[in-house]
Amino acid sequence: MKIGLIGEAPHDTNCIAVLLGQKYPGIEFFPLIDRIRGSQLDCRQPTKQLLRIEYQFRKPDLVIFIRDLDGLKDEIEKINLRKEYFTEYRRVVDGKAIMLLNIYELEALILADVEKFGLLFDCATSSYPDPSAVVDPKGELKKLSHKYSEGQNLEVFKVLDINIVSANCLYFKEFLDKLKPLIA
């Protein structure tokens with residue numbers, strides 16, 4: 001099975017590929033339209049045209065749209081905008097898609113297994129009962145270790161345990177639950 005990943009930056013898609021690869025080692029995860037970054041994904045017409053071309057050429061069985069909410073789970077207006085984006089882009093890939101909406105941002109997944117982060121950066125950590133309630137996960141990680149920068153996320157994701165991440169991060173667990181039947 002081949003799964004295309006669309007994210008706001010190449011390091012986002014690479015991090016998710018590494019994490020999902022733990023659970024699904026036989027699946028090929030690869031980036032789609034990785035030249036488009038961040039809010040450029042919202043430039044609908046040119047982005048959809050590029051996506052359609054890559055989708056037809058690379059022929060993934062499924063596409064995962066990875067977006068950051070840049071807000072908390074109670075910010076319904078922001079969530080609705082992301083859902084609208086997903087619904088529109090889903091049509092471009094013949095409906096073979098699922099969305100991973102990171103509440104607040106990708107770095108919340110690191111907070112879900114923050115002990116691994118602490119070991120990697122040799123810093124003290126305390127657990128986060130609900131990483132999706134942290135307003136600035138990236139900033140929180142930088143407070144824990146001045147050595148950390150988001151460019152190191154791939155290194156961090158390589159040591160995270162997907163089972164711990166999904167146990168401590170509800171939105172990621174829900175995503176995995178929706179992904180499972182699409183892969184089975």
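Any read-out appearing in this document is the output of simple, stated calculations on the displayed coordinates, not a laboratory observation. As the structure is a prediction and not an experimental result, all values here were calculated from the model. Cβ sites come from the backbone with ideal geometry, for glycine too, and all protein chains shown count toward neighbours.
When the Gaussian network model of the chain links Cα atoms closer than 10 Å, the mean-square fluctuations of 113, 34, 94 top out at 94.
The residues 148, 24, when put in order of fewest to most other Cβ atoms within 10 Å, stand as 24, 148.
Summarising the label geometry, the points placed 7 Å from Cα in the beta-carbon direction at residue 58 and residue 34 lie 0.8 nm from one another. Note on residue 126 and residue 158: the model spin-label points, each 7 Å out from Cα along the C-beta direction, lie 3.1 nm apart.
In this structure, the residue pairs whose Cα-Cα separation is over 30 Å, taken from 73/142; 23/138; 48/143, are 48/143. If you compute Cα extents along the principal axes in Å for the structure shown, which of (i) 47, 37, 28; (ii) 132, 33, 32; (iii) 101, 34, 27 do you land on? Comparing each candidate, only (i) matches the computed number.
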